[in-house]
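Input: a single structure, listed below in C-alpha cells.
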Amino acid sequence: MASEKKSTFLAEFKTFIARGNVMDMAVGVIVGGAFSNITTSLINDIVMPLLGILTGSISFADLSLTVGSAVVTYGNFLQAVLNFLVMAFVVFCLVRAINSFHRKKEEAPAAPAAPPEPSAEEKLLTEIRDLLKERG
C-alpha cells in the first residue's frame, strides 16, 4: 500500500515536472532574481543618493536606533520597502501593458471576409443554369 502511494506520488511529480509551465516558472524565477538585482542597484545607486540630497545627505542605510546593546538598523528596512515598492510598480506596469495588449487583441476580431468575386467562368455557368431553369 505504501509503495503504491509512493509510485502514485512520483508519477504525479513526474507529470508536474514535465509540464511546460514549470519550465516557464523556473525561467521566471531566474529572470526575477536578475531583475531584483537591477532594482536594488536602481534604489542604491540612483534613488537613495537623490533622496539623500533632498533629506540633507542622510543615508537610509545609516539610520539606526540603539536599544540597550542591540542596534536596530531600520534604515535597511526602509530601503527594502522602497525596493519592494519600485519592483511592485514595475510589475504592475508590465501586467497592465500585457492586459491592454490582450484587450486590443480581443476587441479587434477579424472582419468576416467577403466571398470572392465569382470568376467569368462561374458567372457564365450561373447564367446558363438560370436560362435552363426558365425553359424547364
Would you mind checking the tilt of helix 20-42 against the longest principal axis of the Cα atoms of the chain, expressed as 0 to 90 degrees and rounded to 10? 50 degrees
How large, in percent, is the carbon and sulfur part of the accessible surface of the chain at a probe radius of 1.4 Å? 68 percent
As I understand it, the value is the acute angle between the Cα axis of helix 2-18 and the longest principal axis of the Cα atoms of the chain; what does it come to in degrees, rounded to 10? 70 degrees
MET25: accessible area at probe 1.4 Å, nearest 10 Å²? 110 Å²
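Is the stretch 26-136 rounded, prolate or oblate when judged by the Cα gyration tensor, a ≥ b ≥ c being the square roots of its eigenvalues, rounded requiring a/c under 1.5 and prolate requiring a/b larger than b/c? Each step should come with its number before you reach the end.
On the way: a/c = 6.63, a/b = 5.47, b/c = 1.21.
In terms of gyration-tensor shape, prolate.
So what is the accessible area of the stretch 20-136 per residue, in Å², with the probe set to 1.4 Å?
82 Å²
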Out of VAL47, VAL71, VAL29, a Gaussian network model of the chain with alpha-carbon springs under 10 Å gives the largest mean-square fluctuation to VAL71
With a point put 7 Å past each Cα toward its Cβ, work out how far GLU134 is from ASN37 in nm, to one decimal. 8.3 nm
What is the helix-to-structure angle for 120-135, meaning the angle in degrees between its Cα long axis and the longest Cα principal axis of the chain, kept from 0 to 90 and rounded to the nearest 10? 50 degrees
Mean-square fluctuation maximum in Gaussian network of the chain, Cα pairs under 10 Å, restricted to ASN83, ASN99, ASN21, hits ASN21
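The values are calculated or read from the model by the stated rules, or taken from the named source; none is laboratory data. As the structure is a prediction and not an experimental result, all values here were calculated from the model. All Cβ positions, glycine included, derive from the backbone under ideal geometry; neighbour counts span all protein chains shown. Accessible surface is based on the protein model in full, side chains and every heavy atom, while ligands, DNA and RNA are left aside. Shrake-Rupley method; radii C 1.70, N 1.55, O 1.52, S 1.80 Å.
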